[in-house]
Amino acid sequence: DAMVIQNPRYQVTQFGKPVTLSCSQTLNHNVMYWYQQKSSQAPKLLFHYYDKDFNNEADTPDNFQSRRPNTSFCFLDIRSPGLGDAAMYLCATSRETRGNEQFFGPGTRLTVL
Amino acid sequence: DQQVKQNSPSLSVQEGRISILNCDYTNSMFDYFLWYKKYPAEGPTFLISISSIKDKNEDGRFTVFLNKSAKHLSLHIVPSQPGDSAVYFCAASRSGTYKYIFGTGTRLKVLA
């Protein structure tokens, strides 16, 4: 089944210790997104890629970086996690044609100790 | 500034009745709207969408209504089933972007 996979599902890191979350897709979609979702809040877009073109949201902290080495994979790097970065991180993909819905992975829940 | 708002955090409905979930937006440039359903420990899954050129879109038990002048959309589920119990998010997008702005979600509980 074509899908969006996120690993790990649960990640625990220490305050200030770099962490990388990964996302892969078998849908061959051009666009990939990273969202941060905190409890009872809306998923907040951090950045998205259209192919290799990186689009950062203006209010995404510099602490968050992303890499997309190929169509299938996308990584979220948090250079120095703070307690406020504890959240669910959702990866999503969509086809380049506007009007297509996003397909989401199951998310990675990040805990910062 | 929350551009997409779902003012009801939760809703309980009896099985077989209609569920109505509401969503308001502030940006008149939004022209495409989607509803997603999310079960615990899963990512959101697409449910139904509507373009601003329409005021209604129907898919089985799910109907989305769009009132552009009021900047309001609603999702109707009829009849509601216990398996519909989930968190529902509305999302909005505008031409020329691939970005979607999400609401905070409404938790629907359908009582058997």
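Tabulated data
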{"read-out": "Of all residues in region B:85-112 being of a type in the set (F, W, Y) and assigned to a strand (DSSP E or B), the one that is nearest to A:Y49 (Cα to Cα)", "value": "B:F102"}
{"read-out": "Some residue of region B:6-13 being in a loop (DSSP other than H, G, I, E, B) and loosely packed, with under 13 Cβ neighbours inside 10 Å", "value": "yes"}
{"read-out": "Search result, residues across region A:56-100 that are among the aliphatic types (A, V, I, L, M) and more than 14 Å from A:L27 (Cα to Cα)", "value": "A:A58, A:L76, A:I78, A:L83, A:A86, A:A87, A:M88, A:L90"}
{"read-out": "Residue list for region A:35-49, filter: in contact with a Phe, Trp or Tyr (Cβ under 6 Å, 6 or more places away or on another chain), over 17 Å from A:I78 (Cα atoms) and of a type outside the set (A, V, I, L, M, F, W, C)", "value": "A:P43"}
{"read-out": "Complete set of residues in region B:53-84 that are in a loop (DSSP other than H, G, I, E, B) and either within 14 Å of chain A (Cβ to nearest Cβ) or surrounded by fewer than 19 Cβ atoms within 10 Å (Cβ to Cβ) (or both)", "value": "B:I53, B:K54, B:D55, B:G60, B:R61, B:K68, B:S69, B:A70, B:K71, B:V78, B:P79, B:Q81"}
{"read-out": "Test: residue in region A:68-76 that is surrounded by 13 or more Cβ atoms within 10 Å (Cβ to Cβ), in contact with a strand residue (DSSP E or B) (Cβ under 6 Å, 6 or more places away or on another chain), touching a residue at least 60 places away in the same chain (Cβ under 8 Å) and polar (S, T, N, Q)", "value": "no"}
{"read-out": "Members of region B:85-112 found to be closer than 23 Å to B:S51 by Cβ, touching an Asp or Glu at 6+ places or on another chain (Cβ under 7 Å) and more than 8 Å from chain A (Cβ to nearest Cβ), listed by number", "value": "B:R94"}
{"read-out": "Qualifying residues in region A:32-51 (those that are at the interface with chain B (Cβ under 8 Å from one of its Cβ atoms) and outside any strand (DSSP E or B)) - the one surrounded by the most Cβ atoms within 10 Å (Cβ to Cβ)", "value": "A:P43"}
{"read-out": "Search result, residues across region A:86-113 that are farther than 21 Å from B:Y39 by Cα and either under 13 Å from the mean Cα position of the chain (by Cα) or within 14 Å of another protein chain (Cβ to nearest Cβ) (or both)", "value": "A:R95, A:E96, A:T97, A:R98, A:G99, A:N100"}
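Just so you know, all these numbers are worked out from the coordinates, no wet-lab data involved. Being a predicted model, the structure only gives us computed values, none of them experimental. Cβ atoms come from the backbone with ideal geometry, glycine included; neighbour counts cover every protein chain shown.
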